[in-house]
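Working notes, beginning with the structure itself.
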Amino acid sequence: MKRDIEYRWRARELMARNGMRNTRELVEPLRERGITLSESQIYRMVSQNPERISFQLLAALCDIFGVEANELFTFTAADARSKRQKQAAASGENVVRFADAYKPVRARILDDD
């Protein structure tokens, strides 16, 4: 069965917790750890959920913020629902599949006598 994985990137929260108000404040700590990124790259990395990230950058961020990797992002995984189930849940309707609700009944033929 397919699984949906959702994650939450918490770099912005950790910056606030460490007194960093602007993404520019990450430029120098990253350079000290051998990572050179432009201000716009750092801004995108902090403000959006990154699709790809190097382990070197992940380790540097953990070191800068003084946290473990599981504090930098959290994730949830759940069984994927079919498109029809998602539409039914979104519409709020109580949907019953016809094949599950219909039970055939044997026909009885009666003579006119």
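Every number here is computed from the coordinates shown, using simple stated rules; none is lab data. The structure presented is a predicted model; accordingly, all values stated were derived computationally and were not measured. Please note: Cβ atoms are built from the backbone with ideal geometry, for glycine as well, and neighbour counts cover all protein chains shown.
Residues in region 7-37 that are more than 26 Å from the chain's Cα centre (by Cα) and hydroxyl-bearing (Ser, Thr, Tyr): Thr36 only. When region 26-51 is filtered for residues that are loosely packed, with under 11 Cβ neighbours inside 10 Å and hydroxyl-bearing (Ser, Thr, Tyr), the ones remaining, listed by number, are Thr36, Ser38, Ser40. Give me a count of the residues in region 57-79 that are surrounded by fewer than 12 Cβ atoms within 10 Å (Cβ to Cβ) and of a type outside the set (D, E, K, R). Total meeting the criteria: 8.
Scanning region 26-76 for residues that are among the small types (Gly, Ala, Ser) and closer than 18 Å to Ala16 by Cβ gives Ser47, Gly66.
Ala11 meets each of the listed conditions (1) within 14 Å of Phe73 (Cβ to Cβ); (2) surrounded by fewer than 12 Cβ atoms within 10 Å (Cβ to Cβ); (3) small (Gly, Ala, Ser) apart from (2).
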